[in-house]
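Visitor: Have a look at the structure that comes next, please.
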Amino acid sequence: MTPLLRTAGHEVYTPTLAGLGEHAHTLSREINLETHVTDVVNLIQYEDLKDVILVGHSLGGMVIAGAADASPDRISHLVYLDAVTPSDGQSLFDCLPEYRDTLRQVAKSVGDGWLVRYPVDYGTFGVSDENDVKWLTERLTPHPLACYDQKVRFRNPSALALPKTFIHCNGYKKVGVKEYWTCLPDSFPAGWGLYQIKTAHDAMITAPQELAKILVEIAKSPRILAPENR
């Protein structure tokens with residue numbers, strides 16, 4: 001996604017959250033949702049970024065919601081890419097309770113009670129190309145369970161007024177034998193922008209060109225809600 005968006009003339013930042021990816025050496029039991037929110041808030045502040053279009057994918061919806069509450073004056077639009085859309089006081093497990101038992105059991109059995117090792121029973125979330133699967137699985141790293149358990153808190157009313165868009169990946173809704181995503185567009189508050197892509201959950205891998213086109217369109221008028229049902 002980064003080269004596509006930069007080619008379109010946009011400044012792009014892709015922060016790696018604490019304990020993950022190339023920051024795997026910092027992984028610890030103390031990392032939780034607040035840690036990851038702070039990662040994003042600090043990047044925005046130390047890079048002195050303004051009018052940020054903040055995109056969160058999947059669990060990243062929890063992170064951008066918390067970051068927006070902490071720095072609403074620096075953010076112009078929140079984009080939830082097939083992501084959880086929490087209310088005040090909700091955790092990921094509150095939003096998606098069907099994950100709770102499985103991920104806690106994974107952490108208990110192979111993660112010393114605090115670490116979720118991937119992939120678990122959910123495969124690659126619809127990524128099927130052999131090269132993409134190889135690229136993806138080589139980069140999966142364990143994830144602290146506390147990030148799923150900790151609740152996000154909204155304390156800043158101005159954050160609630162930020163424009164928001166949901167990008168719904170509706171082309172693949174099976175992982176193993178069950179539906180995996182419950183954040184359906186008809187449950188969103190009135191006024192949210194909505195785009196739909198007929199692709200798998202990891203659209204940045206399975207439909208990068210289409211996703212980049214949508215993000216560029218949102219960036220043209222970040223303070224105006226994206227058109228519904230595109």
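Visitor: Going by what's in this entry, would residue 113 be described as at positive phi, out of contact with any Phe, Trp or Tyr (no Cβ under 7 Å at 6 or more places or on another chain) and without any contact (Cβ under 8 Å) to a residue 40 or more places away in the chain?
Guide: Here the answer is yes, as residue 113 does meet what is asked.
Visitor: Could you grab me the full set of residues in the range 55-85 that are crowded, with 23+ Cβ neighbours inside 10 Å, assigned to a loop (DSSP other than H, G, I, E, B) and either on the phi < 0 side of the Ramachandran plot or at pLDDT 95 or above (or both)?
Guide: 83, 84
Visitor: Looking only at residues that are in a helix (DSSP H, G or I) and buried (at least 19 other Cβ atoms within 10 Å of the Cβ) in the range 147-166, which one is farthest from the chain's Cα centre (by Cα)?
Guide: Per the stated criteria, the residue is 159.
Visitor: With the requirement that a residue be over 16 Å from residue 37 (Cβ atoms) and in contact with a Gly (Cβ under 8 Å, 6 or more places away or on another chain), what does the range 66-94 give you?
Guide: Residues satisfying the conditions are 79, 81.
Visitor: Could you please find all residues in the range 98-137 being under 29 Å from residue 197 (Cα atoms), part of a helix (DSSP H, G or I) and either more than 17 Å from the chain's Cα centre (by Cα) or of a type in the set (Asp, Glu) (or both)?
Guide: Scanning the range 98-137 gives 98, 100, 102, 103, 130, 131, 132, 133, 134, 135, 137.
Visitor: What residue, among those in the range 179-193 that are surrounded by fewer than 19 Cβ atoms within 10 Å (Cβ to Cβ) and more than 20 Å from residue 100 (Cβ to Cβ), is modelled with the lowest pLDDT?
Guide: Per the stated criteria, the residue is 185.
Visitor: Then there is this: Could you check the range 34-54 and list, in sequence order, the residues that are part of a helix (DSSP H, G or I) and either β-branched (Val, Ile, Thr) or over 12 Å from the mean Cα position of the chain (by Cα) (or both)?
Guide: 34, 35, 37, 38, 39, 40, 41, 42, 43, 44, 45, 46
Visitor: Against the definition (surrounded by fewer than 12 Cβ atoms within 10 Å (Cβ to Cβ) and either over 24 Å from residue 205 (Cα atoms) or touching a strand residue (DSSP E or B) at 6+ places or on another chain (Cβ under 8 Å) (or both)), how does residue 126 come out, yes or no?
Guide: no
Visitor: Quick check on the range 12-19. Is at least one of its residues in contact (Cβ under 8 Å) with a residue 60 or more places away in the chain, within 24 Å of residue 114 (Cβ to Cβ) and not in a helix (DSSP H, G or I)?
Guide: yes
Visitor: On to the next question. Got at least one residue in the range 108-115 being over 24 Å from residue 151 (Cβ atoms) and of a type outside the set (Val, Ile, Thr)?
Guide: Looking through the range 108-115, at least one residue is over 24 Å from residue 151 (Cβ atoms) and of a type outside the set (Val, Ile, Thr).
Visitor: Test each condition in (1) at negative phi; (2) out of contact with any Pro (no Cβ under 7 Å at 6 or more places or on another chain) for residue 89 and report the one that comes out false.
Guide: (1)
Visitor: Can I ask one more? Can you spot a residue in the range 167-178 that is surrounded by 12 or more Cβ atoms within 10 Å (Cβ to Cβ) and at pLDDT 90 or above?
Guide: Yes, some residue in the range 167-178 is surrounded by 12 or more Cβ atoms within 10 Å (Cβ to Cβ) and at pLDDT 90 or above.
The values are calculated or read from the model by the stated rules, or taken from the named source; none is laboratory data. Just so it is clear, the structure is predicted and the values come from calculations on it, not from any experiment. Reconstructed Cβ throughout: ideal geometry from the backbone, glycine too, with neighbour counts over all protein chains shown.
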